[in-house]
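These notes are about the structure you will find just below.
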Amino acid sequence: MNFAGPDFVLAIIAISTGGWLINNWIRARHGYALEDEWGGKTGKADSAETQQLRAKNAELREQIDHFAGRVKVLERIVTDKGTNVAAQIEALRDQPQHEDHT
């Protein structure tokens with residue numbers, strides 16, 4: 001094989017380009033940022049599915065926060081003495097009810 005000829009140079013260029021294309025295909029398939037020809041990174045555009053997943057994620061986080069607050073209340077009820085909890089419940093019952101007419 002003649003290493004000084006143009007065939008060898010073209011083979012190196014083809015192998016390098018093929019490797020770059022395969023690398024970007026793998027990165028795109030797994031959601032990583034893509035490389036451009038100058039080594040810079042370009043982010044993947046958000047698809048409709050990605051936006052739906054982000055909205056669902058935000059909704060689930062709100063639910064977790066809500067339930068975390070309820071668990072704190074339950075923990076307080078379980079760890080407090082029974083008479084203390086009963087007194088707090090009775091105090092809440094004695095408060096006047098505020099009706100909201102909006």
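Summary table below
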quantity	calculated
Lone unmet requirement of (1) at pLDDT below 90; (2) surrounded by 10 or more Cβ atoms within 10 Å (Cβ to Cβ); (3) over 37 Å from the mean Cα position of the chain (by Cα) for T83	(2)
Members of the stretch 60-80 that are under 12 Å from the mean Cα position of the chain (by Cα) and charged (D, E, K, R)	R61
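The values are calculated or read from the model by the stated rules, or taken from the named source; none is laboratory data. Note that the structure is a prediction, hence the values are computed from the model and not measured. No Cβ is skipped: glycine too gets one built from the backbone with ideal geometry, and neighbour counts run over all protein chains shown.
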